[in-house]
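Down below is the structure, laid out as structure tokens.
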Amino acid sequence: MTTLRSVAARIARTVRCVAIAYIVVQVVIWHSFYAADPWRLAGPAAAAAWATAMVAYLRRRWPVWQVAGIDSGFYVALALSAGWCVPPAMRGDAANWLYIVMTGQFFIPAWFAPAVLSVPLALASAASYWASATMTLGTGSAGSSPGASTALLLAIAAANLCGRRMLYRRATGADIALAQADLDAREQYVVLSRNIERREHERLLHDTVLNTLTALARPGSTGAGEVVGLCRRDVTLMEYVLSDPGDPADEAGRAYGGLLTAIEAIAIEMRARGLAVHVDVADGVPAGAGGPAGPGGTPEVPVAVVVAVAHAVREALANVVSHAGTGEAWVDVSLAPGGEGAEPGGLQVTVRDAGVGFDPARVDPARLGLRRSIIERIADRGGRASIRSAPGEGTVVCLCWTAWPHHERNAVAGVTSGRAGLTW
């Protein structure tokens, strides 16, 4: 409906401009008639001035029904009082300037006034023109037919009303269909968000409780102090994810709000478990990576992406501790080049070791560590993860996220907000 009304207003302006030009042409053609009595120019001048005012009005806003009524009232008065301003040979003819302006004025009441008002206004305009043509019809206009001209006026008004009825009905149907499509899209988004959150909770269960229970199941491998530390860490991590983040600025400052801070914390935890973790940060990655963009061009990594990458890094290092058969691992943080359709400035985190390695093709599909806790977790946040390994050649886990153009990022931010499990 908004588009249709905008087009109707544009057409109304065009019609009024054509009417102004036609008035000028008629005055030029019949200059001898108007030169004989300059007062005869009052009618064409008034019509042109009013049409100009309406064009200026339509450039700023759409006409309300009150304006449509006033506009029709002006033309009714013009038709009743300006018949003498039409050359006698043209009175009652469908080609005189008064008839043209009366034809053009039908558009506004037909398209912008309520139907109960537009019909009486159209009838009043046609009747006023017929009365004017009949009263002023002279001997020089014997070939003119006011009745036929008035009937044509009524046909034009009816065509406008029928066109309005048909197009408004279709526009309303289109608006209803768009609203339903938007509602369906929102419902689908809610389902998708819930699925993402559910998968994140499953990953947390695997990364915390299941890993802790696995550590406890190894005889003599875990002391009482380490058990307490693992349990406290699990509780803290789950409280962080399940709590309400509140203000995004506060969210960025929480334990997992900055990527480098989170990686350092994970490295400390893994060193306590006997794994020597070397963290290498490439040049160009500022210490505040993971927060809002700063003057130095800090990557605008959403907090949810930071959380996902931090969890994936921890899971990769936990796999090194449990399966790699080595006591050393490296974590490299660098800026990622922009991918297809993306801007440069994303982040790439690589976790590697020189352990026993494995054959990815022979991993049991029932195992969730690699698929759920690393690959799917990063994919859910708009990034990508790859795992390269071979028996005896160690393992390399690469986590990459690239920033998208600002207009797309803002569009996503407009429909995703709140919890980390429901964004990106």
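Taking the number of Cβ atoms within 10 Å of each Cβ as an exposure proxy, the fewest-first ranking of 20, 176 is 176, 20. Potential lengthening of the chain between residue 271 and residue 46 amounts to 72.0 nm, from the contour at 0.36 nm per residue minus the alpha-carbon distance.
Note on residue 14 and residue 197: the extension gain reaches 60.4 nm, defined as 0.36 nm multiplied by sequence separation minus the Cα-Cα distance.
Annotation for residue 187 and residue 53: the two label points, set 7 Å from Cα along the Cα-Cβ direction, are 5.2 nm apart. Put simply, region 2-178 fits an ellipsoid with semi-axes of 31, 17, 12 Å; these come from the alpha carbon gyration tensor as the roots of five times its eigenvalues, largest first. Taking a label point 7 Å from the Cα of residue 84 along the Cα→Cβ vector, which residues of region 24-44 have an amide N closer than 15 Å to it? Counting backbone N atoms under 15 Å from the label point, the list is 34, 36-44. Extension gain, residue 35-residue 180: 0.36 nm per intervening residue step, less the Cα-Cα distance, totals 45.9 nm.
No value in this document is a laboratory result; all are computed from the given coordinates. This structure is a prediction, so every number in the text was calculated from the model and none was measured. In this analysis, Cβ positions are derived from the backbone assuming ideal geometry, glycine residues included, and neighbour counts consider all displayed protein chains.
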